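See below for the structure under consideration.
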Amino acid sequence: MPEIYRISHRRWLAATLAGLVSCVACAMPEASVPPTERTSAMTCSVDLYGDSIMHGGYGGNLRLDEPPAATLKRLRPKYTVRDLSLNGETAGQRARTFESERRTGRFVVIEHGINDSIQRLPVEAPLRQMIDIARREGREVILTGLSRQPLPIAGRSSADQTIRHLASALRVPFADWDAVKYSPNEMADVLHPSKQYSDRLVRSIVKVLDRLAPECA
């Protein structure tokens, strides 16, 4: 075999072997990186949305000494609780800013409807919108029903039924506030619960959370 051919053949063989080694290296899977362990705060976390009843407001500018967010934290200390409720807010008002807001909770509790009823505003469409956004973020939504009052509020029962049916249709866990024990003597004013009644409403949320996340109880 001529010397020139032998040299060319060796170079071709060396290049071929180098290429094969390179291809094998490319085909080898990268070492798997173990997923970061979720912290307790991430796993047991909840963002609260709602009006003055979720906020613990009453009497215009007053607030319960221990509002619902603080009560939930006391009852379930493992939870990181963010209170995003606002006195006087409607579902429609919150829905307009909901997508642009930053959330951190595994769970998102939404309590709206009383102010919507009073102002004769639709409640289903904005709730649907917020549920869809939160779910796209990978969060579990919980809806609450509406609290009760000693004086009738026009549209309140209808709104409560709308929220109940929406929760059922979309398979959203539901805290049935309409079924919570209620006494007219346990009101801070004609619209807002006193501490005793407010605590029972919070406990109904806790009951749902315990079912969904027993590790956080």
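Of all residues in region 136-152, those satisfying the criterion of being basic (Lys, Arg) and either under 24 Å from GLN119 (Cβ atoms) or loosely packed, with under 14 Cβ neighbours inside 10 Å (or both) are ARG136, ARG148.
Are any of the residues in region 142-149 assigned to a loop (DSSP other than H, G, I, E, B) and more than 24 Å from VAL190 (Cα to Cα)? Steps first, answer last, please.
Taking region 142-149 first, the residues assigned to a loop (DSSP other than H, G, I, E, B) are 145-149.
Checking which are more than 24 Å from VAL190 (Cα to Cα) leaves us with none.
No.
Can you name the residue in region 158-190 that is aromatic (Phe, Trp, Tyr) and under 22 Å from the mean Cα position of the chain (by Cα) and is also surrounded by the fewest Cβ atoms within 10 Å (Cβ to Cβ) among such residues? By that ranking, first place goes to PHE174.
Of the residues GLY113, GLY155, which single one is on the phi > 0 side of the Ramachandran plot and surrounded by 22 or more Cβ atoms within 10 Å (Cβ to Cβ)? Explain how you work it out, then say what you get.
On the way: GLY155 fails: surrounded by 22 or more Cβ atoms within 10 Å (Cβ to Cβ).
Answer to the selection: GLY113.
Checked against the criterion of being more than 30 Å from ASP189 (Cα to Cα), in contact (Cβ under 8 Å) with a residue 60 or more places away in the chain and of a type outside the set (Gly, Ala, Ser), region 45-68 has no qualifying residue. Of all residues in region 114-138, those being touching a residue at least 60 places away in the same chain (Cβ under 8 Å) and part of a loop (DSSP other than H, G, I, E, B) number 0.
Taken over region 62-76, residues that are outside any helix (DSSP H, G or I) and more than 12 Å from VAL46 (Cα to Cα) amount to 6. Close Cβ contacts (under 7 Å, 6 or more residues apart or on different chains) running from residues in region 144-159 that are modelled with pLDDT of 95 or more to residues that are assigned to a loop (DSSP other than H, G, I, E, B) and small (Gly, Ala, Ser) comprise LEU146/GLY113; ALA159/GLY113. Would you please list the contacts, defined by Cβ atoms under 6 Å and residues six or more apart or on different chains, that run from a residue in region 71-91 that is without any contact (Cβ under 8 Å) to a residue 40 or more places away in the chain and under 16 Å from THR104 (Cα atoms) to a residue that is in a helix (DSSP H, G or I) and of a type outside the set (Gly, Ala, Ser)? From region 71-91, the pairs are VAL81/LEU72; VAL81/LYS73; SER85/MET54; SER85/HIS55.
The values are calculated or read from the model by the stated rules, or taken from the named source; none is laboratory data. This structure is a prediction, so every number in the text was calculated from the model and none was measured. No Cβ is skipped: glycine too gets one built from the backbone with ideal geometry, and neighbour counts run over all protein chains shown.
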